[in-house]
Structures are given as structure tokens and as C-alpha cells.
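Novice: One structure, pasted below without further comment.
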Amino acid sequence: MDNRKKIGIASILALNSDLLLIDEPDLGLNLVAVKALFKLFHHLNDNGKAIICITHNLNYVYHQFPRVILLRDGRVFADGNPRKILRNCELLQNAGLDIPSLVKVTLDDDERN
């Protein structure tokens, strides 16, 4: 993780807010840095911080978050458990999204079509 991102996260944490709104936190990070970042998010959440993460990386959403809200044209399109929503191929297609690659490998041919 580069120093600018570390400083940005540290400045947010210094505010000691109960709610963190984070936009595309994994952008430009390698896998090791992403894992460390999400470990930090889990720690903060376990200690009472609410975290809203805006991301297009559905692979991370599937494994890292207890709830997902999909938006389409500025409106809530789906809201619920990521493991259910992100395995619903028809819903994702209607939302204009691709099936996350980590999900794709677990689906059989019938579920993909």
C-alpha cells in the first residue's frame, strides 16, 4: 500500500467517526495490501465502526462484506446477502453486471445460463 493511501486511511481513522464511508479502497493495490486493508476494516467493524464501502470489485464484496446493495440508475436494485445476490446470474445480468470470477468457478453450467 502506498504512503498516500496509508495517510488517507490514517486521517480518516483520526476523526474517530462511528461511520466510515470508503470509495474504491482496493483501487491500485496488490493482493497483499488488499488483504491487509480488509483485515483492518474487519477489525474496525468488530469494534463498533460501521463501514460503507463503494466498490466495483464484486469478488471482494462476495467474500468480505455481510451485506451488499446494488444500485442501478441511482436506485436500489438489490439488497441483501452477497452470497445470494452475487450468485443470482439473472439478477446480475439485469443489473448490467458480470458474475464475479470467484463465483463463476463455483457455478455449474445450468446456473450460469
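The values are calculated or read from the model by the stated rules, or taken from the named source; none is laboratory data. Treat the numbers as computed from the prediction; the structure is a model and nothing was measured. Cβ atoms come from the backbone with ideal geometry, glycine included; neighbour counts cover every protein chain shown.
Novice: Among the residues of segment 32-50, how many are assigned to a loop (DSSP other than H, G, I, E, B) and either aliphatic (A, V, I, L, M) or free of Cβ contacts under 8 Å to residues at least 24 places away in the same chain (or both)? Give the derivation first.
Specialist: At the first step, the residues of segment 32-50 found to be assigned to a loop (DSSP other than H, G, I, E, B) are 47-49.
Within this subset, residues satisfying the condition of being either aliphatic (A, V, I, L, M) or free of Cβ contacts under 8 Å to residues at least 24 places away in the same chain (or both) are 47.
The number of residues fulfilling the criteria is 1.
Novice: OK, next. Identify all residues within segment 1-45 that are of a type in the set (Asp, Glu) and under 22 Å from Leu58 (Cα atoms); write none if there are none. Talk me through it step by step, then tell me what you get.
Specialist: We begin by selecting, within segment 1-45, every residue of a type in the set (Asp, Glu); these are 2, 18, 23-24, 26.
Within segment 1-45, Asp23, Glu24, Asp26 meet the criteria.
Novice: Moving to a separate point now. Within segment 65-80, is there a residue that is under 23 Å from Gly96 (Cβ atoms), in the same structural domain as Leu102 (by TED's automatic domain parsing), surrounded by 14 or more Cβ atoms within 10 Å (Cβ to Cβ) and at pLDDT below 90?
Specialist: Looking for residues that are under 23 Å from Gly96 (Cβ atoms), in the same structural domain as Leu102 (by TED's automatic domain parsing), surrounded by 14 or more Cβ atoms within 10 Å (Cβ to Cβ) and at pLDDT below 90, one finds at least one in segment 65-80, hence yes.
Novice: Hey, another quick one. Considering (1) over 27 Å from Asn16 (Cα atoms); (2) at pLDDT 90 or above, say which one Cys53 fails and leave the rest.
Specialist: Answer for Cys53: the failing condition is (1).
Novice: Which residue pairs have Cβ atoms closer than 6 Å, lie 6 or more positions apart in sequence or on different chains, and pair a first residue in segment 69-90 that is more than 13 Å from Thr106 (Cβ to Cβ) and in contact (Cβ under 8 Å) with a residue 12 or more places away in the chain with a second residue that is hydroxyl-bearing (Ser, Thr, Tyr) and assigned to a helix (DSSP H, G or I)?
Specialist: Pro82/Tyr62
Novice: Out of Leu29, Leu20, I need the residue that is at pLDDT 90 or above, under 30 Å from Asn3 (Cβ atoms), in contact with a Lys or Arg (Cβ under 8 Å, 6 or more places away or on another chain) and not in a helix (DSSP H, G or I). Which one? Can you show your working first?
Specialist: On the way: Leu29 fails: at pLDDT 90 or above.
Criteria check complete, one pass: Leu20.
Novice: Among the residues of segment 95-113, write down those that are assigned to a helix (DSSP H, G or I), modelled with pLDDT of 80 or more and over 15 Å from the mean Cα position of the chain (by Cα).
Specialist: Residue satisfying the conditions is Lys104 alone.
Novice: What is the residue count in segment 84-94 for residues that are surrounded by 15 or more Cβ atoms within 10 Å (Cβ to Cβ) and part of a helix (DSSP H, G or I)? Quick ask: steps written out before the conclusion?
Specialist: To start, the set of residues in segment 84-94 that are surrounded by 15 or more Cβ atoms within 10 Å (Cβ to Cβ) comprises 85-89, 91-92.
Still in the running and part of a helix (DSSP H, G or I): 85, 89, 91-92.
Here the count works out to 4.
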